Amino acid sequence: MMKKMLSLLVCALFCLSGCAGKNGPAPASSQPDAGSENPSSEAGQSAEAQEDGLLHVGIIQLTDHPSLNTIREAFVAEITALMGSQVAIESDDAQNDMSNINSICQKYIGDQKDLIVAIATPTAQAAAAATSEIPVVYSAVSDPAAAKLTGLPNVTGTSDAIPVESIFQLAAGLTPEAKTFGLIYNTSEVNSVSVIEGAKSYMQQNGLSFVEATITNSSELQQSASSLVGKVDAIFTPIDNTVATAMPVLAGVANMNKIPVYVGADSMVADGGLATVGIDYSLLGTRTAQMAADILGGKRPSEIPYEILSDYSTILNPKTAKELELEIPEEILEAAVQVGG
Ligand code: TRP
């Protein structure tokens, strides 16, 4: 057993974002594991893949974003609380780049990690596609079924599915005169598309209309937001990784033109959106770690159903409300979590 892995563990805990490809603990041995080619070797069995006696967890995070950082930090805190020095954690930020995502996955597979944690939909899809043996526990996947992450033997995780109806009901309470909504999202993000479908059907049933402004990357956001000015009373955007990355740009255009923006995640409210009904991402990370600990302890991912976190709160940005010259009804204000002020 290599004592020095303990210090690597400490290093790993401090290796947060921005360390893609640089400082993963080297495999304790490069000797090929005789069992690694065995197609019948299942999840759970991989727990002895490395000979240092530790359980190796690789965290792959889509990008350096506050919500995703919160998940990772809460995950690391909880898994450390549950498993202490038994576990060695490596963490890599893919910097929103598909080829980084794939090479991080390949590195984790080559290193024979005991478990991969994938934060956000694109990383979860890549990890699930890259291995059918190493357990993959995802976090913050808005729609695991639409992302085709259900029914896989080695994959489970947690979802931040958003309560679309509650968000539109909140909008009806805050800005009842808003009848036409702009919808901004990236058509290639499955996590957005399914939420947008839900939003459209809610609007159709409730006498609201919509104008779509889709984007394919963050640099188009300024223009697509501007294209909605004069055409819509409010904007709705889901938890779209592409929009979230440039949320201050959207908020800048919308708030200047007195258009309230309803969003999918608390961090997007903090970045200038008006409001959402959403979850606490720290809790999501904690729950993800509990699942990971169960799997490292011998449970199979297929025995653990994916879980949607559903303790929602109303999240409001009072500074944005002021910019929009909006009077927030007292009973909404009292019940809301206020951010970004
Ligand atoms: N739910 C997103 C996904 O499925 C990930 C995500 C969660 C996110 N919270 C966020 C992205 C906040 C950007 C901002 O991919």
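If you go through region 86-106 and keep only what is open to solvent by 10 Å² or more (accessible area, probe 1.4 Å) and within 24 Å of Gly53 (Cβ to Cβ), you end up with just Gln86. The residue of region 230-258 that is farthest from the ligand (Cβ to nearest atom), among those that are open to solvent by 10 Å² or more (accessible area, probe 1.4 Å) and β-branched (Val, Ile, Thr), is Val232. Per this entry, Ser159 is not counted among residues that are at pLDDT below 95 and of a type outside the set (Phe, Trp, Tyr).
Yes or no, residue by residue, for (1) in contact with a Phe, Trp or Tyr (Cβ under 9 Å, 6 or more places away or on another chain); (2) near the ligand (Cβ under 10 Å from one of its atoms):
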| residue | (1), (2) |
| --- | --- |
| Thr131 | yes, no |
| Ala140 | yes, yes |
| Ile162 | yes, yes |
| Asn186 | no, no |
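Quick check, is Ala74 surrounded by fewer than 24 Cβ atoms within 10 Å (Cβ to Cβ), hydrophobic (A, V, I, L, M, F, W, C), under 14 Å from the mean Cα position of the chain (by Cα) and under 20 Å from Ala293 (Cα atoms)? So Ala74 passes the test. Taken as a whole, the structure leaves Glu189 outside the set of residues that are without any contact (Cβ under 8 Å) to a residue 12 or more places away in the chain and surrounded by 16 or more Cβ atoms within 10 Å (Cβ to Cβ).
I'd like to know if region 93-114 contains one or more residues that are hydroxyl-bearing (Ser, Thr, Tyr), under 26 Å from Asp266 (Cβ atoms) and either within 14 Å of the ligand (Cβ to nearest atom) or out of contact with any Pro (no Cβ under 6 Å at 6 or more places or on another chain) (or both). No, every residue in region 93-114 fails to be hydroxyl-bearing (Ser, Thr, Tyr), under 26 Å from Asp266 (Cβ atoms) and either within 14 Å of the ligand (Cβ to nearest atom) or out of contact with any Pro (no Cβ under 6 Å at 6 or more places or on another chain) (or both). For region 99-120, the set of residues classified as out of contact with any strand residue (DSSP E or B) (no Cβ under 6 Å at 6 or more places or on another chain) and under 21 Å from Leu284 (Cβ atoms) consists of Ile101, Ala120, listed by residue number.
The values are calculated or read from the model by the stated rules, or taken from the named source; none is laboratory data. Source: prediction; values computed, not measured. Glycine also receives a Cβ, built like all others from the backbone with ideal geometry; neighbour counts cover every protein chain displayed. SASA here: full protein model, heavy atoms, side chains in, ligands and nucleic acids out. Shrake-Rupley method; radii C 1.70, N 1.55, O 1.52, S 1.80 Å.
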